[in-house]
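The values are calculated or read from the model by the stated rules, or taken from the named source; none is laboratory data. It should be emphasised that the depicted structure is a prediction, and the values quoted were computed from it without experimental measurement. Methodologically, a virtual Cβ is constructed for each residue, glycine included, from the backbone with ideal geometry; neighbour enumeration extends over all protein chains shown.
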Protein chains: 4
Amino acid sequence: MQYILQIDCPDQKGLVHKISGILFKSGLNIIENEEFVDHVNNHFFMRSEVVGGLNKAKIISKLSSVLPRQAHIQLHEKKKKNIVVLVTKEYHCLGDLLVRHHFGELNANILAIVSNHLELKEFCGKFSVPFHHISAEGLERSEHESKVLEIVNPYKAEYLVLAKYMRILTPGFTKNFSNRIINIHHSFLPAFIGAKPYSQAYNRGVKLIGATAHFVNDTLDEGPIITQDVINTNHKNDAKMMAKAGRDVEKIVLSNALKLVFADRVFVYNNKTIIFQ
Amino acid sequence: MQYILQIDCPDQKGLVHKISGILFKSGLNIIENEEFVDHVNNHFFMRSEVVGGLNKAKIISKLSSVLPRQAHIQLHEKKKKNIVVLVTKEYHCLGDLLVRHHFGELNANILAIVSNHLELKEFCGKFSVPFHHISAEGLERSEHESKVLEIVNPYKAEYLVLAKYMRILTPGFTKNFSNRIINIHHSFLPAFIGAKPYSQAYNRGVKLIGATAHFVNDTLDEGPIITQDVINTNHKNDAKMMAKAGRDVEKIVLSNALKLVFADRVFVYNNKTIIFQ
Amino acid sequence: MQYILQIDCPDQKGLVHKISGILFKSGLNIIENEEFVDHVNNHFFMRSEVVGGLNKAKIISKLSSVLPRQAHIQLHEKKKKNIVVLVTKEYHCLGDLLVRHHFGELNANILAIVSNHLELKEFCGKFSVPFHHISAEGLERSEHESKVLEIVNPYKAEYLVLAKYMRILTPGFTKNFSNRIINIHHSFLPAFIGAKPYSQAYNRGVKLIGATAHFVNDTLDEGPIITQDVINTNHKNDAKMMAKAGRDVEKIVLSNALKLVFADRVFVYNNKTIIFQ
Amino acid sequence: MQYILQIDCPDQKGLVHKISGILFKSGLNIIENEEFVDHVNNHFFMRSEVVGGLNKAKIISKLSSVLPRQAHIQLHEKKKKNIVVLVTKEYHCLGDLLVRHHFGELNANILAIVSNHLELKEFCGKFSVPFHHISAEGLERSEHESKVLEIVNPYKAEYLVLAKYMRILTPGFTKNFSNRIINIHHSFLPAFIGAKPYSQAYNRGVKLIGATAHFVNDTLDEGPIITQDVINTNHKNDAKMMAKAGRDVEKIVLSNALKLVFADRVFVYNNKTIIFQ
């Protein structure tokens, strides 16, 4: 059996020695290991992939006994995550995810797709993934969110993926999924927060356009950034052409972020990510 | 003799035919030619490099006679620009420019270097370029700018290059050099406008850091963007390390922008650049 | 109606003026125009998008009368290309093309998919595109190619797209499709020509891996390059991990090449491409 | 005092625990630590930066006692390397290194510059670094190399940097500097090995040009690759223009490689590099 251990705690001397000692004496084989010390905040992070038989509670208790009291310790079996995908009308991110999912490349099970529109229903049907249409027409934001939660909650998804879900989520919604909602924003954040980033980019005359995958927290487009990338643009492209050109970078950035998150390679600390790739 | 012709005007049918006709009938050989129509604003741009003998006034008058009344026509000999460089304490952009200048690669004559500090004086001395120190100590911003202008003006520079000049210029200064001041900003604008962009970048936890070369206008960091580029960063880099790592992208972005501007490849229109490369 | 005009011929003075004159006098509106002169070979290239009513034969005849005898003139309506896609077992390029095709983004009609294996049949079924399985088992290369041609020819495709078709095509096959077969090779050509480029890349210890879209000619992996891109790799990736990581750059590079080719933006000259984007 | 410890050996269970234990019990503080296991060859690599007082021989002996017999252990004080730079006529890499050196950014002392030509002598003079001209005129390759060694050897340099040194070095020369000569090759190796890579690139019609920094071994352009990067090119650039455009990527790639090597972040194993950055 393969497990992933994630630890973060205030730094102190000898942490690597103590932790690796517990793993070694438990007969576990470390096949990948990475540590990082944030010297600004004096905080220690470590991620290990180990192979062997283990008693989860026992290992965690042993680790707790040698680590600072404030340590976060997570130890889970290496396996696919269960996710629900939220979309609106755009197909490029969803299409990319469904193809990867179909061929077993996503490292996740897409349990369902939820949309506030009907445009993508027929497409999802091809891939035999349940599609739920929850129109926001005539509803208060909170009413709509409640309806979405009613559908989403029973799936007990570990992550929600916003694959171009064009609605702002309120804290009332996001508090249910702390660091468990991943969004793709179609700009190089923090440039062009909010609506119509490509129009903003066109108006500003930038020479690069980008995409940002980030965890969603209470403040719009302010959550911890996971991955970002950019492509060249120039005066020939108006806002519409930028939006078209940006589709590929959006879908690849989202997919790269999901690879990292679903492999338990991402720590969140101080609204930033520490990523062991 | 080699000339560069730059025209921009409201678009209409037949412009390319009319302009190329005048060049052809004047016996000029077009060795490079590019046009662009901004379909959002219905505006036409054209840049031609031509070889041959010509009467400048005559060509311009012929062109005026076939172009819309509002046309801007510029025709100049292809030659090195005269520039003055402003710096503060950082050496990386200045060093790069001086090495290029020394070996004739810059496509410009650096007439002088002006700094509000003394740190780079000795270095400039190696390259035999006049160095003027104008301290801002105890001066009002406008007083300091007046002193800088007193030094700069007699050089009759075509462009001012701000190679990490860490002072904000007021409209009183910039109005003298419309689209003739080029600045390198150490972020991917419009992200992280203003002071300490690397600290801002560190605090936001971005995964790319960048640099932007732009013309300076009345509003801080809002002028037309010429070139931008980014490099990867990650959680291992604090603000200081980002600043170090960013030096190379800053100097290359600035140098790329200067290549384009000094070769008369850049049009400014609606606070954006149209670039024929 | 919208048309695309492509001209290439030995360079001479006044070509732009003559060509644009014919277009102007025919009442056509040029909405995009680009020229290039290859000064090494003294050869002229021009691509125009024009709008208006036109008599194709008449325009071509007028152009011929003013252009050098050796000129190639192509004038066609702007419309989707008809293509056939060849694949083997890998899904990532095909999946990307089928999703784009489904949503009308490909600028081409996929008439059929041909494979020497069965792995992708079920997937193609989802998208209602005819799938032809032509096994190469027990066949001479030429026999297999004949069978493929028998299936392909009746579709009268303008382009064949090799979306990870893992068989070498002989000149007997390719001569039927001069500059009309586009292949994606999973390396930065000319590095790692031939089989198993990722194993070659791993063995050489490169720090970037790439993909190259190119037209197929008589010599393996030697045809004119259309687009290339690379991504970072490092010591952590073995050949298999590189192959996985390379999928995204392969599919995006192929798709970018198809965009250019299907929009008639690509000239082939001296085994190289001139691309007006 | 700050030290860097580099270990590589056949992998076995418990290595991290044993090594970190010795460091911990010696009272050393690990401020940066990275390990990697090459699962293809079952080989372990570890690099640690430690702070504290230590007896070098004692630490190494303790480490040896717990590590496999074949382990390589290197422990050195963190300090600037001593280097000699070899050049021919091109200034861009040398200029970049000298500016960084002047401002203390290079993490190395340039003891001397050796060239087979005189072009760069005056420039080196500005920076007060000894310049040795050793013409190859009329000399056998081995004679010239002997003369170079006579000059270079007394400097006892830890590394030789070939900053566009346009002569092939024979095994008779390179055997003196195993993994201690760093070259910048002006292509994306292994594409375009040998002479005139930009002409080769032009002839092949590539859409990206690159640079590769590598250790020099017995076979031309076949040594372990340290860093590589590429920039876009297109049909507008002939070989000369590519060479000019390539200068910046060459100098940055070389400088990036030196940063890594001089910080003892690079292991060489099986003609590849493992790099902890």
Open item on the list: Just to be sure before I move on: is C:THR212 within 18 Å of D:ILE209 (Cβ to Cβ), of a type in the set (Val, Ile, Thr) and touching a Pro at 6+ places or on another chain (Cβ under 6 Å) in the structure I sent?
Closed with: no
TODO: Output the residues belonging to the stretch C:198-213 that are within 11 Å of another protein chain (Cβ to nearest Cβ) and either surrounded by fewer than 24 Cβ atoms within 10 Å (Cβ to Cβ) or assigned to a helix (DSSP H, G or I) (or both).
DONE: C:GLN200, C:ALA201, C:TYR202, C:ASN203, C:ARG204, C:GLY205, C:LEU208
Task: Residue that is among the polar types (S, T, N, Q) and within 14 Å of the chain's Cα centre (by Cα), where the choices are A:ASN203, A:ASN234, A:ASN176, A:ASN271 - done: A:ASN271
Open item on the list: Only one of D:ASP229, D:ASP238 is surrounded by fewer than 24 Cβ atoms within 10 Å (Cβ to Cβ), more than 27 Å from D:TYR3 (Cα to Cα), touching a Leu at 6+ places or on another chain (Cβ under 8 Å) and modelled with pLDDT of 95 or more. Can you tell me which?
Closed with: D:ASP229
Task: Exclusive hit being in contact with a helix residue (DSSP H, G or I) (Cβ under 8 Å, 6 or more places away or on another chain) and assigned by TED's automatic domain parsing to the domain that holds D:LEU258, set D:VAL99, D:VAL152, D:VAL66 - done: D:VAL99
Task: C:ILE231 being under 30 Å from D:GLN277 (Cβ atoms) and more than 10 Å from chain D (Cβ to nearest Cβ) - done: yes
Open item on the list: Looking at D:LYS147, D:LYS175 in this structure, which one is assigned to a helix (DSSP H, G or I) and exposed (fewer than 14 other Cβ atoms within 10 Å of the Cβ)?
Closed with: D:LYS175
Open item on the list: Quick check on C:ILE274: is it within 8 Å of chain D (Cβ to nearest Cβ), at pLDDT 95 or above and touching a Gly at 6+ places or on another chain (Cβ under 6 Å)?
Closed with: no
- [ ] Give the residues of the stretch C:6-58 that are under 22 Å from C:GLU77 (Cβ atoms), among the basic types (Lys, Arg) and buried (at least 18 other Cβ atoms within 10 Å of the Cβ), sorted by residue number.
- [x] C:ARG47
Open item on the list: Just to check your reading of the model, which residue among A:ASP238, A:ASP218, A:ASP248 is under 27 Å from A:GLN74 (Cα atoms) and in the same structural domain as A:HIS92 (by TED's automatic domain parsing)?
Closed with: A:ASP218
- [ ] Pairs only if they're at least six apart or on different chains, beta carbon under 7 angstrom, first in the stretch A:239-265 and on the phi > 0 side of the Ramachandran plot, second among the hydrophobic types (A, V, I, L, M, F, W, C); list them, first residue then second.
- [x] A:ASP264/A:ILE4
Open item on the list: Suppose we filter D:ALA157, D:ALA163, D:ALA191 for residues that are without any contact (Cβ under 8 Å) to a residue 24 or more places away in the chain and either within 14 Å of chain C (Cβ to nearest Cβ) or within 24 Å of D:ILE226 (Cα to Cα) (or both); which single one remains?
Closed with: D:ALA191
TODO: Filter the stretch C:26-52 down to residues that are among the charged types (D, E, K, R) and touching an Asp or Glu at 6+ places or on another chain (Cβ under 6 Å) and give me whichever is farthest from C:ILE7 (Cα to Cα).
DONE: C:GLU32
Open item on the list: If I ask for residues that are farther than 19 Å from D:ILE30 by Cα and touching a residue at least 40 places away in the same chain (Cβ under 8 Å), which ones from the stretch D:43-65 would you list?
Closed with: D:HIS43
Task: Count of the stretch C:241-266 residues which are under 24 Å from D:ASN271 (Cβ atoms) and facing chain D (nearest Cβ under 10 Å) - done: 0
Open item on the list: Please verify whether A:LYS80 is surrounded by fewer than 16 Cβ atoms within 10 Å (Cβ to Cβ) and within 16 Å of the chain's Cα centre (by Cα), treating the condition exactly as stated.
Closed with: yes
Open item on the list: I'm trying to understand the selection: among the residues of the stretch C:150-171, which are surrounded by 13 or more Cβ atoms within 10 Å (Cβ to Cβ) and not in a loop (DSSP other than H, G, I, E, B)?
Closed with: C:ILE151, C:VAL152, C:TYR155, C:TYR159, C:LEU160, C:VAL161, C:LEU162
Open item on the list: Every residue in the stretch B:116-126 that is part of a loop (DSSP other than H, G, I, E, B) and within 12 Å of another protein chain (Cβ to nearest Cβ), please.
Closed with: B:GLU119, B:LEU120
Task: Failed criterion for D:ASN107 (all others in (1) touching a Lys or Arg at 6+ places or on another chain (Cβ under 6 Å); (2) free of Cβ contacts under 8 Å to residues at least 40 places away in the same chain hold) - done: (2)
- [ ] Look at the stretch D:214-228 and say how many of its residues are facing chain C (nearest Cβ under 9 Å) and β-branched (Val, Ile, Thr).
- [x] 3
